[in-house]
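First comes the structure, then the notes that go with it.
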Amino acid sequence: MIKVGIIGATGYAGAEIARLIYSHPQAEIVWYGSRSYIDERFSSVYGNFFNIVDEKCLDDNMDELAEKVDVIFTATPQGLCAGLVNDEILSKVKIIDLSADFRIKDVSVYEKWYGIEHKSPQYIEEAVYGLCEINRDKIKGARLIANPGCYTTCSILTAYPLIKEKLIDPKTLIVDALSGTSGAGRGAKTPNLFCEVNESVKPYGVTNHRHTPEIEEQLGYAAGEEFTINFTPHLIPMNRGILATEYASLMKKSDGSLPTASDIRAAYEKYYKDEKFIRLLPDGVYPETKWVETSNFVDIGFKIDERTGRVIMMGAIDNLVKGAAGQAVQNMNIMFGFEESMGLDFVPAFP
């Protein structure tokens, strides 16, 4: 039984980690860290834990925490984990960071897009980007995991096989994505109030959303070259879920013809056929967020537009599970040699 500490346990992602770890057969939480609710019962913040979790919230003292646990999840705003981590801590404990602090390898890109100084750039190169289906072998021996963002997880996994197999031109990639409001976090913000969000859909972060360089960097590794994309996120009036619709021009094959639907499906199956949490949908069936809600699944579908010579790729995830806490637990399972689906092997909830 491994011991788990959570810093940022009272945010949406932190609470989701707590929910998943509570049912994990090989892990137990010994530290519910929350700077905002110190000495308050965790169950008083989240009533769904009433008579289930009796512990009180503690602070974010990572030095003390490292003495008591085997792995620390940091579900915190950008900059906090980078400001706390040091050599001594990393010698004692594994860290899975859900912020963007260690996702982007070029510190200048991180500082430009996030508008803050990076407090520990010496660990960026070591940190493993924790997209399990792509970096599984690197994750196994890591002590610092950069857990991917929610938009990025969905966007990257949806396009990755087609870019890797050079079936699409990455320079033509356009990503439109929609997210439920939990993706914006639990902090009180006027744009996320009920009256502001209900009965409306709105784009935001147009041309400058912070997940853009993360998507470009990771898909650039797949393409073997750097490129830029258009990424436009939208906020929709639901609690959970992300749907990404992606467009790209097909690349001609050696005989001059364009890839067929069979070629596209074969590429997806090459990379994802044995992946527990990626479900490639049948022809003519497209992802819906309701079929992945509360689960760690990624549903992917596609359609070739022969008229334009483009392919439309679609992916759906639960932003709090596969897009955050579920992927973090999946990373933990890989790091500690557990069955990868342990604590995550459940059917999505509906309705």
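The values are calculated or read from the model by the stated rules, or taken from the named source; none is laboratory data. The structure displayed is predicted, hence computed values, not measured ones. In this analysis, Cβ positions are derived from the backbone assuming ideal geometry, glycine residues included, and neighbour counts consider all displayed protein chains.
Structure summary
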{"read-out": "Unique match (being touching a Cys at 6+ places or on another chain (Cβ under 7 Å) and of a type in the set (A, V, I, L, M, F, W, C)) among Ala184, Ala142, Ala159, Ala177", "value": "Ala177"}
{"read-out": "Qualifying residue in segment 183-193 (condition: modelled with pLDDT under 95, touching a helix residue (DSSP H, G or I) at 6+ places or on another chain (Cβ under 6 Å) and either assigned to a loop (DSSP other than H, G, I, E, B) or buried (at least 22 other Cβ atoms within 10 Å of the Cβ) (or both))", "value": "yes"}
{"read-out": "Scan of segment 145-168 for residues that are in contact (Cβ under 8 Å) with a residue 60 or more places away in the chain and not in a helix (DSSP H, G or I), ordered by number", "value": "Ile145, Asn147, Pro148, Gly149, Glu165, Lys166, Leu167, Ile168"}
{"read-out": "Which numbered condition Gly115 misses (of (1) at pLDDT 95 or above; (2) surrounded by 16 or more Cβ atoms within 10 Å (Cβ to Cβ); (3) not hydroxyl-bearing (Ser, Thr, Tyr))", "value": "(2)"}
{"read-out": "All positions within segment 252-305 that are acidic (Asp, Glu), in contact (Cβ under 8 Å) with a residue 40 or more places away in the chain and more than 26 Å from Gln327 (Cβ to Cβ)", "value": "Asp263"}
{"read-out": "Top-ranked residue of segment 120-137 - restricted to ones that are of a type in the set (D, E, K, R) and surrounded by 14 or more Cβ atoms within 10 Å (Cβ to Cβ), ranked as farthest from Gly301 (Cα to Cα)", "value": "Arg136"}
{"read-out": "Cross-chain or 6+ apart pairs with Cβ under 9 Å, segment 43-57 first and in contact (Cβ under 8 Å) with a residue 40 or more places away in the chain and closer than 18 Å to Ala13 by Cα, then of a type outside the set (S, T, N, Q) and part of a loop (DSSP other than H, G, I, E, B)", "value": "Cys57/Ala9; Cys57/Arg35; Cys57/Tyr37; Cys57/Ile38; Cys57/Asp39; Cys57/Glu40"}
{"read-out": "Residue under evaluation Gly185, criteria (1) closer than 24 Å to Glu246 by Cβ; (2) assigned by TED's automatic domain parsing to the domain that holds Asn239, criterion not met", "value": "(1)"}
{"read-out": "Among the residues listed as Ser108, Ser99, Ser44, Ser91, the single one being under 26 Å from Cys132 (Cβ atoms), polar (S, T, N, Q) and outside any loop (DSSP other than H, G, I, E, B)", "value": "Ser91"}
{"read-out": "Candidates Leu235, Leu219, Leu258, Leu243, filtered to the one that is under 18 Å from the mean Cα position of the chain (by Cα) and more than 17 Å from Met314 (Cβ to Cβ)", "value": "Leu235"}
{"read-out": "Subset of segment 123-144 that is touching a helix residue (DSSP H, G or I) at 6+ places or on another chain (Cβ under 7 Å) and assigned to a helix (DSSP H, G or I) - its residue that is nearest to Ile215 (Cα to Cα)", "value": "Ile134"}
{"read-out": "Single residue of Asp39, Asp87 found to be charged (D, E, K, R), in contact with a strand residue (DSSP E or B) (Cβ under 9 Å, 6 or more places away or on another chain) and either in the same structural domain as Ala9 (by TED's automatic domain parsing) or surrounded by fewer than 20 Cβ atoms within 10 Å (Cβ to Cβ) (or both)", "value": "Asp39"}
{"read-out": "Pairs with Cβ under 6 Å, 6+ apart, first in segment 209-225 and touching a residue at least 12 places away in the same chain (Cβ under 8 Å), second in a helix (DSSP H, G or I) and charged (D, E, K, R)", "value": "Ala222/Lys164"}
{"read-out": "Members of segment 217-274 found to be among the β-branched types (Val, Ile, Thr), buried (at least 17 other Cβ atoms within 10 Å of the Cβ) and farther than 30 Å from Phe350 by Cβ, listed by number", "value": "Ile229"}
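Residue-wise test of (1) touching a strand residue (DSSP E or B) at 6+ places or on another chain (Cβ under 8 Å); (2) assigned to a helix (DSSP H, G or I); (3) modelled with pLDDT under 95.
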position	(1), (2), (3)
Leu178	yes, no, no
His209	yes, no, no
Thr228	no, no, no
His234	yes, no, no
Pro259	yes, no, no
Ser262	no, yes, no
Glu269	yes, yes, no
Glu275	no, no, no
Val285	yes, no, no
